[in-house]
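Since every read-out is calculated from the coordinates, none of them should be taken as a lab result. Computed from a prediction, not measured in an experiment: that's the story for all the values here. Note that we place each Cβ from the backbone using ideal geometry, even for glycine, and neighbour counts take in every protein chain shown.
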Amino acid sequence: MSRKAVSPEQDELVEKAARSLLARAVNNRAVEIRLLTERLRHILEKYLLRDEPQPTAQAVSDFFARIHADELCLVLACEQGNETAWSYLINEYGATVRAAARSASSKGAEAEDLAQSIWAELYGLRENAEGKRAGKLGYYSGCGSLGGWLRAIVAQLAVDKHRRTSRFVQTEDDTEFDRLNDESAKLEGYAIGHTTDPENKLAAKRAGRDLQSALRQVINHLSAEDRLLIKLYYFDDLRLREAGSILGVHEATASRRLQRVQAEVREGVEKVLGSEHGWRPEEITRLFSDAEANVEFDLHSLFASNQTPSEGQKS
């Protein structure tokens, strides 16, 4: 599907959004409004107008209001060669990149090489037809978090390296992300709502894997009784009174125990996502917020793979 050009009315909204974004950014890094306007116009064409050729003014405004202002300004500053911005990017997101590299590669040396190569890929190893460096930072739209997008980039680079070693031809244009648009939004571990942004789809897929891994790790450390309680309540559709009877406790005790287990699982998942997968606190908060609104966790498969024979007999 060809992109629809921005209309004069929409262009006014783009310029207004650029001024608003610079104003609401905590640190806009002195990004030129001209550069920001160009990027926002490109983002509008590529993501919103592609699937909604005639959006209302409110829809356009709402679309731009969801852009991550500080992160997009940081990326634009890096693209312009701002050394302070580059230092911040590497220092602030280095742990995220390293954790993603470890998740994408089973070998330590390969993971380290992958983590190091990401910065060159972001900066740009070649120049495009206009004489500008064609780095992958140019793909960042600000529609999703920068940390999530970086994890997606690392995952894609790992796939690309595997394809090259397997004698596959890898292209270096927009299709790198666009081809992902045809993938199912049904993720391993949970389902996400519809999104037209292929960057976000790849980032969401990586998020789903990280979340599934963290959940599995935390659930494995629950006591057999706690895991049985969750199974009885969520998957066998028993009331707390009935589940408590099986466990030999009062309904009120079962209720308190369930609340405790829920809190422990969430706290444990937050710790694993941060320490082992490089997630930032604000990303974790956003993940759980999105989960409560749009996500259905596939805990059934986790328990199916983690149950012991004794648990199966109890149920």
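Where Lys and Arg each count +1 and Asp and Glu each count -1, what net charge lies around V75 among other residues with Cβ under 11 Å from its Cβ? Spell out each step's value before the answer.
Details: positive: R29, R39, K136; negative: D70, E71, E79.
Combined, the nearby Lys, Arg, Asp and Glu give 0.
If we count every other residue with Cβ under 9 angstrom of A99's Cβ, Lys/Arg +1 and Asp/Glu -1, where does the sum land?
On the way: positive: R98, R102, R151; negative: D210, E276.
Here the charged neighbours net out to +1.
Within 10 Å, count the other beta carbons around each residue, average over each peptide in 71-83, 261-273, and list them highest first. Walk me through the intermediate numbers first.
Details: 71-83: 19.9, 261-273: 16.3.
For the peptides 71-83, 261-273, the packing ranking is 71-83, 261-273.
Order 89-102, 45-58 from most to least packed using the mean count of other Cβ atoms within 10 Å. Let's see the in-between values first.
On the way: 89-102: 19.6, 45-58: 14.6.
Descending mean neighbour count gives 89-102, 45-58.
What FRET efficiency would be calculated for the residue pair S117, A59, taking the C-beta separation as r and a Förster radius of 45 Å, to the nearest 0.05?
The computed FRET efficiency comes out at 0.70.
Need one number: nm distance between label points at I246 and E45, each 7 Å from Cα along Cα→Cβ, rounded to one decimal.
Placing both labels 7 Å along Cα→Cβ, they lie 5.9 nm apart.
Given 0.36 nm per residue, what is the gain on full extension from A224 to E276 after removing their alpha carbon distance, in nm?
Numbers: separation 52, 0.36 × 52 = 18.72 nm, distance 2.46 nm.
Taking 0.36 nm per residue and subtracting the Cα distance, the gain is 16.3 nm.
Would you please state which residues of the range 41-74 a label at A30 would reach in this model, taking the label point 7 Å out along Cα→Cβ and a backbone N cut-off of under 18 Å?
73-74
In whole Hz and in residue order, list the ³J(HN,Hα) couplings for the range 66-82 that follow from phi through the Karplus curve 6.51 cos²θ - 1.76 cosθ + 1.60, θ = phi - 60°; x for Gly and Pro.
Coupling constants for the range 66-82: 8, 5, 6, 4, 5, 6, 5, 5, 4, 5, 4, 5, 5, 4, 8, x, 5 Hz.
Starting from 0.36 nm per residue, how many nanometres of slack lie between D237 and E92 once their C-alpha separation is accounted for? It would help to have the intermediate numbers written out before the result.
Values: separation 145, 0.36 × 145 = 52.20 nm, distance 4.44 nm.
In short, 47.8 nm is gained.
Just order 218-224, 138-144, 60-66 by mean Cβ neighbour count inside 10 Å, highest at the front, would you? The partial results should precede the final answer.
On the way: 218-224: 14.1, 138-144: 22.1, 60-66: 15.7.
Per-residue mean Cβ counts within 10 Å order the peptides as 138-144, 60-66, 218-224.
Taking each pair of distinct Cα atoms in the range 1-89 once, what is the resulting Kirkwood hydrodynamic radius in Å? Please list the in-between numbers first.
Numbers: mean 1/r = 0.0743 Å⁻¹.
This gives a value of 13.5 Å.
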